[in-house]
Amino acid sequence: MIKGLAVVFVLLFASLANAQTTVILGDCRVTGLPKPYADGDFRLTVRCEKNGNQKPVVGDKAQILRPVVVQPPVNCAGTWSAWVPAGDWSACNGGTQTRPESRAFTVTTPASNGGLACPASPETRTASQSCTVPPPTGEPLFGVSDPAILGDFTAAEHDAYSVSMGDGYRYRTWHPQCVGTKCFAHEHGDNPAQITNPEIVASLKTAPLAFGYIGRRMQHLPGEANGHEEPNEGFKVFTAKIGECNDEARCNLTESLSVFHMGTGGPRRGATRFHSNDLRYWNVDSGFVHTRLMMDTGGVDNVCDPRGGEPVKDMFTLPNRCKVNSGYEIWTTSQYIHLADGRALGRPRAVPAVFDPITVFNPANPSEVIYAWDDRFKPYRNFPNDDWTINRGCVRESYAQVANWWNAGGPTQVYTDSMGHETSQANPLAILQTIPAKEIVDHRSSTVRPGETAGNQAFKLRKDYCGTPAQKAKLGLKN
């Protein structure tokens, strides 16, 4: 700075302690804290200096504008109370019960000067906890359950997680892997209580998740006069909420709850063409949709490009056409819903996948149990020294898949058999399908990434269901 003529002004203020004050004198401006003096005034000294970039102060007078007092913003401060019950626990439904809870915010410092506002109070939430209901006598359980999947629990404790569907049978349902210090040796994926869409939540009260309910209605296979029994550990629950985003920067447009039978603890999955799927979803175009069908999974193809046409189970096979980084396995499945006259109303789809399958598939010997870490597969692995013995089939992804519908002006409820063919409501094996009376084809359930104009239509979400290291250690080779 080139110093020149200096003019000093001493300004007097009253009651401006600890306040930032801005003063303008002609072309000079200063902001500072006025200093207290013995006479009780607060004074701020303004020094104007002439330099190459500043006009000089002429004479001994300058126009003094009213000082601007700038008060700092003050954010709201306070404390939340503990959550307290706002109602009773609901009845046990599928191993889970809920109750409303609320808490209040006590303000100790209100917001001022543009600071952050206090949160809305009271705040409410729905709490959930695990529960068990002993199965009533007189209703047999349908479905097979291997003792190897029980872990720390007894068969009776496992069977307590079951629901009655009013057809003379009980069906096992979702439960947490661990309760307290005890753990099962299998897991069923997402807790259905995570879903908040009102219509999906309401459907769980009238039609709870019942593992095996769809399979029992598939009674046309040889030796399965009472239906098709799917191993209990294979039932996996997937949930996806609207607004949830994945690691590809794509976000979900469809709330969905899907139960697909896809365990990886044995080779039978590859040789079995039809697997059950209970699919419930909601979006602004379709509204609420609920289908329960035996999905056509096709045959087994290799998980290498070019991939097989759908329906298909793309799996790691022996031999494999390419080298892979993981044992990634993805199924592209579908089933049609037909009226009695043969007209197709829609085609629900489901696409589950797993990154760490426990077993892989040998097309030359479909019943052979081959674990993913078998030395015969090392030539097909890019990283043969990676430890695949930790595979437990618990790192999975699923697509929030939206069906195609050709049902403009048609029925919104249709009774079908397990394969989607219309049947009479009086048929004791009939399944109610809730569908949109609309024409909806190639509906997008995923946003595109920033800068994209296209991309995956179906939102996919990868999740790790292995739990803590201690919980994963409890998972067995049938999961």
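The values are calculated or read from the model by the stated rules, or taken from the named source; none is laboratory data. Treat the numbers as computed from the prediction; the structure is a model and nothing was measured. Backbone-built Cβ (ideal geometry, glycine too); neighbour counts: all protein chains shown.
Out of Tyr161, Tyr171, one residue alone is among the hydroxyl-bearing types (Ser, Thr, Tyr) and touching a His at 6+ places or on another chain (Cβ under 6 Å). It is Tyr161.
Rundown of residues vs (1) among the aliphatic types (A, V, I, L, M); (2) over 17 Å from Glu397 (Cβ atoms); (3) more than 18 Å from the chain's Cα centre (by Cα), yes/no style:
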residue: Leu204; (1), (2), (3): yes, yes, no
residue: Ala207; (1), (2), (3): yes, yes, yes
residue: Gly215; (1), (2), (3): no, yes, yes
residue: Asn226; (1), (2), (3): no, yes, yes
residue: Glu229; (1), (2), (3): no, yes, yes
residue: Val237; (1), (2), (3): yes, no, no
residue: Cys251; (1), (2), (3): no, no, no
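Residue count for the range 349-368, restricted to those that are over 29 Å from the mean Cα position of the chain (by Cα) and either among the charged types (D, E, K, R) or surrounded by 15 or more Cβ atoms within 10 Å (Cβ to Cβ) (or both): 4.
Please pick out the residue among Arg321, Arg292 that is buried (at least 17 other Cβ atoms within 10 Å of the Cβ) and either small (Gly, Ala, Ser) or assigned by TED's automatic domain parsing to the domain that holds Asn382 (or both). Walk me through how you get there before you give the answer.
On the way: Arg321 fails: buried (at least 17 other Cβ atoms within 10 Å of the Cβ).
So the residue among Arg321, Arg292 that is buried (at least 17 other Cβ atoms within 10 Å of the Cβ) and either small (Gly, Ala, Ser) or assigned by TED's automatic domain parsing to the domain that holds Asn382 (or both) is Arg292.
Of all residues in the range 130-143, which are exposed (fewer than 12 other Cβ atoms within 10 Å of the Cβ) and either modelled with pLDDT of 90 or more or of a type in the set (S, T, N, Q) (or both)?
Correct list: Thr137, Pro140.
When you go through Thr124, Thr106, Thr98 one by one, which is the residue that is surrounded by 12 or more Cβ atoms within 10 Å (Cβ to Cβ) and part of a strand (DSSP E or B)? Full working, then the answer.
On the way: Thr124 fails: surrounded by 12 or more Cβ atoms within 10 Å (Cβ to Cβ); Thr106 fails: surrounded by 12 or more Cβ atoms within 10 Å (Cβ to Cβ).
Answer to the selection: Thr98.
For the range 170-191, indicate whether the set of residues that are buried (at least 16 other Cβ atoms within 10 Å of the Cβ) and part of a helix (DSSP H, G or I) is non-empty. No, the conditions are met nowhere in the range 170-191.
For Asp417, the criteria (1) closer than 17 Å to Ile358 by Cβ; (2) more than 28 Å from the chain's Cα centre (by Cα); (3) touching a residue at least 60 places away in the same chain (Cβ under 8 Å) hold in every case but one, which is (1). For the range 109-118, enumerate the residues that are exposed (fewer than 12 other Cβ atoms within 10 Å of the Cβ) and on the phi < 0 side of the Ramachandran plot. Leu116, Ala117, listed by residue number.
Filter the range 335-384 down to the residues that are among the hydroxyl-bearing types (Ser, Thr, Tyr), within 26 Å of Thr239 (Cα to Cα) and not in a loop (DSSP other than H, G, I, E, B) and list them by number. Before you say what the answer is, go through the steps one by one.
First, pick out the residues of the range 335-384 that are among the hydroxyl-bearing types (Ser, Thr, Tyr): 336, 359, 367, 371, 380.
From the residues that got through so far, the ones that are within 26 Å of Thr239 (Cα to Cα) too are 336, 359.
The one that is among the hydroxyl-bearing types (Ser, Thr, Tyr), within 26 Å of Thr239 (Cα to Cα) and not in a loop (DSSP other than H, G, I, E, B): Thr359.
For the structure I just gave you, tell me whether Thr297 is surrounded by fewer than 21 Cβ atoms within 10 Å (Cβ to Cβ), closer than 17 Å to Gly234 by Cα and either under 25 Å from the mean Cα position of the chain (by Cα) or hydroxyl-bearing (Ser, Thr, Tyr) (or both). No.
Among the polar types (S, T, N, Q) and closer than 20 Å to Met295 by Cβ - does that describe any residue in the range 334-348? Checked the range 334-348: at least one residue is among the polar types (S, T, N, Q) and closer than 20 Å to Met295 by Cβ.
All of Pro192, Pro198, Pro147 fail the test of being touching a helix residue (DSSP H, G or I) at 6+ places or on another chain (Cβ under 8 Å), of a type outside the set (Phe, Trp, Tyr), free of Cβ contacts under 8 Å to residues at least 40 places away in the same chain and at negative phi, apart from Pro147. Taking the criterion of being more than 25 Å from Cys304 (Cα to Cα), out of contact with any Asp or Glu (no Cβ under 6 Å at 6 or more places or on another chain) and at pLDDT below 95, would at least one residue in the range 411-427 satisfy it? No, the range 411-427 contains no residue that is more than 25 Å from Cys304 (Cα to Cα), out of contact with any Asp or Glu (no Cβ under 6 Å at 6 or more places or on another chain) and at pLDDT below 95.
Summed over the range 194-215, the residues that are farther than 15 Å from Lys236 by Cβ, out of contact with any Lys or Arg (no Cβ under 9 Å at 6 or more places or on another chain) and not small (Gly, Ala, Ser) give a count of 5.
The residues of the range 412-428 that are in a loop (DSSP other than H, G, I, E, B) and surrounded by 14 or more Cβ atoms within 10 Å (Cβ to Cβ), listed by number, are Thr412, Asp417, Ser418, Met419, Gly420, Thr423. When the range 236-258 is filtered for residues that are closer than 17 Å to Val351 by Cβ and free of Cβ contacts under 8 Å to residues at least 60 places away in the same chain, only Thr239 remains. Filtering the range 459-477 to residues that are closer than 21 Å to Tyr371 by Cβ and part of a strand (DSSP E or B) leaves only Asp464.
Taking the range 316-334 only, how many residues are assigned to a strand (DSSP E or B) and among the polar types (S, T, N, Q)? Selection size over the range 316-334: 4.
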